[in-house]
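To start, the structure itself, in structure tokens.
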Amino acid sequence: MTDLFSYNKITAEIAEEIRKKIGANNVSTDEEKLESYSHDEVPQSNYGRKYIAELLVFPESTQHVSEIMKIAHDERIPVTPRGAGTGLSSGALPVFGGIVMSFEKMNRIIELDEDNLTITVEPGVVTAEISRMASRHDLLYAGDPCSGDASFIGGNIAENAGGNKVIKYGATGAQLLALEAVLADGSVTWFGGKRRKDVTGLDFVHLMAGSEGILAVITKAVLKLLPLPRHSVDLLAAFPDARSAINFVPRIVTEGGLIPASVEFMDDKALKLVEKYLNASVPAGDAGAALIIQLEGNDEERLEEQFEAIGKLSQRHGAYEVYVADTRSTKERIWQARKGVPEALSAFYSRYTKEDLVVPTASVPKLLEMLRGETEPYGLEYITYGHAGDGNMHCTIVCPECDNWHDRLHAAQQRIYAKLIKMGGTLSGEHGIGYKRRGYMKFFLDDAQIELIKRVKLAFDPQNILNPGKLVDWGK
Ligand code: MLT
Ligand code: ZN
């Protein structure tokens, strides 16, 4: 068997052939550009070396993608599809060089179908643009990743991005009805359709969601839309500590009797950090922990009753102050605090690792306790924020003054992951595995499952040219 990871370099002839097929203006070998398109939000310095693509392509159509894939397939060149570079798993790192395929020129909203409640888009459409287009028609696109103002929908699908509304609407995969995809050999196919149900064959649509670009290249997506809720209110409840905030989360459903659109969490350190970053006070900035609870509905009076009831309920469960945001500017203020946390982390820490742990929701208090127990002995600190309603916490491990940071971190991570498994938790809820976490997959999936992932990958892509080396540890 030929080595799955032995690739050819891109010669001047191959580059020229690609230029002829897709136009010279859609191909670049500019060094600065190659560098800036060869990573996502995870710094390359994490790996002690740089991985740089040999050629950058900007297809304008499915036809272009197909032509590029045919050449890559014939010449055995690795291809790394790339969204907007907002990823958090080094999923778009061109580990074996070759081609980076960027979708910024495939950024058309093709159709909004009000009769079937769907929107058909190309992969380079910015996520928030889909929401804006839907809302102009009084419709909702429910995918809402925190990076939605910048991220591309193609990347959201490849990572099965989650975000702030998963508790009510599910992650990106739950919004998907159909995908057009270019396979590794350049052939073009459609998975699914505008149909609301479909058991004709295997469910390739949802296999593609979260497949991190290793199976096929997404060139169009048909997404579900819903009627736009007419009103929404955000509550920000300040709690004395993380435990009381987290313990309140299941009560919203069990005692409050409703499913909120979002339940987001910030611990005291996250609140302080974001205040420092914004250089302004944020609501509940001095709290031990805060929850943002978003409620939505069509009947304004009913919604008012609901948020008053949830506010009071939160106070019975320990909240000492509740801010109500029902205007654009008050809502922005609350969400600026939450969405500012990741930015604040990268502004103030040069060495940190952002975990994406997820546990069954009732185990979140145990998760936070466990983190304290497993980081303190290594002299590490952690800052926690995230999607409390989904049990998905971005515990970010930091150590500003540490020597041998990598050793300490690795030792703590081994212990954290072992305990996480015992709680029924897993490694990543929404950021993905990519290159960053692939080494830890063996803790979470058994050999049979890892082998199955490799076989599925090679069934789609026998030459192993699509985003090679990702998702599981291939020993390369
Ligand atoms: C978030 O929840 O803020 C996102 O997953 C992004 C991030 O943590 O950087
Ligand atoms: Zn998140």
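Of note:
- When the residues of region 426-446 are filtered to those that are in a loop (DSSP other than H, G, I, E, B) and touching a Ser or Thr at 6+ places or on another chain (Cβ under 7 Å), the one that is nearest to ligand 2 (Cβ to nearest atom) is HIS431.
- Just one residue in the set TYR37, TYR47 is farther than 16 Å from GLY83 by Cα and surrounded by 15 or more Cβ atoms within 10 Å (Cβ to Cβ); that residue is TYR47.
- Any hit, region 408-424, residues being touching a residue at least 40 places away in the same chain (Cβ under 8 Å), buried (at least 17 other Cβ atoms within 10 Å of the Cβ) and either part of a loop (DSSP other than H, G, I, E, B) or within 16 Å of ligand 2 (Cβ to nearest atom) (or both): yes
- Segments classed as helices (runs of 4 or more DSSP H), wholly inside region 267-361, with at least 1 members that are crowded, with 18+ Cβ neighbours inside 10 Å and within 16 Å of ligand 1 (Cβ to nearest atom): 268-278, 328-348
- For region 154-166, the condition of being under 21 Å from ASN467 (Cβ atoms), within 12 Å of ligand 1 (Cβ to nearest atom) and charged (D, E, K, R) holds for at least one residue.
- Near pairs, Cβ below 8 angstrom, 6+ apart or cross-chain, from region 388-404 (without any contact (Cβ under 8 Å) to a residue 40 or more places away in the chain) to any residue that is β-branched (Val, Ile, Thr) and within 11 Å of ligand 2 (Cβ to nearest atom): GLY391/VAL358
- Restricting region 195-209 to residues that are basic (Lys, Arg) and either touching a residue at least 12 places away in the same chain (Cβ under 8 Å) or assigned to a helix (DSSP H, G or I) (or both), the residue that is nearest to VAL65 (Cα to Cα) is ARG195.
- GLU301 fulfils the conditions (1) in contact with a Pro (Cβ under 9 Å, 6 or more places away or on another chain); (2) over 15 Å from ALA238 (Cα atoms); (3) not polar (S, T, N, Q) except for a single criterion, (1).
- Filter result for ASP461 (modelled with pLDDT of 95 or more, away from ligand 1 (no atom under 16 Å from the Cβ), among the acidic types (Asp, Glu) and closer than 27 Å to GLN44 by Cα): yes
- For region 57-85, a residue qualifies if it is surrounded by fewer than 22 Cβ atoms within 10 Å (Cβ to Cβ) and over 16 Å from ILE465 (Cβ atoms), and the qualifying residues are PHE58, GLU60, SER61, THR62, GLN63, GLY85.
- Among the residues making up region 387-413, a single one is touching a Cys at 6+ places or on another chain (Cβ under 8 Å) and not hydrophobic (A, V, I, L, M, F, W, C): ARG408.
- Checking each residue of region 437-445 against the condition of being more than 21 Å from the chain's Cα centre (by Cα) and either modelled with pLDDT under 95 or not basic (Lys, Arg) (or both) gives at least one match.
- Residues that are in a helix (DSSP H, G or I) and farther than 19 Å from GLY163 by Cα are absent from region 210-229 altogether.
- Summed over region 95-120, the residues that are in contact with an Asp or Glu (Cβ under 8 Å, 6 or more places away or on another chain) and closer than 14 Å to GLY213 by Cα give a count of 2.
- Among the conditions (1) without any contact (Cβ under 8 Å) to a residue 12 or more places away in the chain; (2) within 29 Å of the chain's Cα centre (by Cα), the only one that VAL65 does not satisfy is (1).
- Close pairs (6 angstrom Cβ cut-off, 6 or more residues apart or separate chains): assigned to a helix (DSSP H, G or I) in region 126-145, surrounded by 21 or more Cβ atoms within 10 Å (Cβ to Cβ) and among the hydroxyl-bearing types (Ser, Thr, Tyr) anywhere: THR127/SER151; ILE130/TYR141; SER131/TYR141; ALA134/TYR141
- Looking only at region 124-147, and only at residues there that are more than 16 Å from ligand 2 (Cβ to nearest atom) and acidic (Asp, Glu), the one that is nearest to the chain's Cα centre (by Cα): GLU129
- Residue check for ALA237: assigned to a helix (DSSP H, G or I) and either more than 26 Å from the chain's Cα centre (by Cα) or buried (at least 18 other Cβ atoms within 10 Å of the Cβ) (or both): no
- Filter result for GLU180 (within 14 Å of the chain's Cα centre (by Cα), crowded, with 21+ Cβ neighbours inside 10 Å and under 21 Å from VAL65 (Cβ atoms)): no
- Scanning region 228-258 for residues that are farther than 24 Å from MET370 by Cβ and of a type in the set (D, E, K, R) yields ARG230, ASP234, GLU255.
- Inclusion of ALA158 among residues that are touching a residue at least 24 places away in the same chain (Cβ under 8 Å), in contact with a strand residue (DSSP E or B) (Cβ under 8 Å, 6 or more places away or on another chain) and closer than 21 Å to THR80 by Cα is warranted.
The values are calculated or read from the model by the stated rules, or taken from the named source; none is laboratory data. What you see is a predicted model, and the numbers here were worked out from it, not measured in a lab. Please note: Cβ atoms are built from the backbone with ideal geometry, for glycine as well, and neighbour counts cover all protein chains shown.
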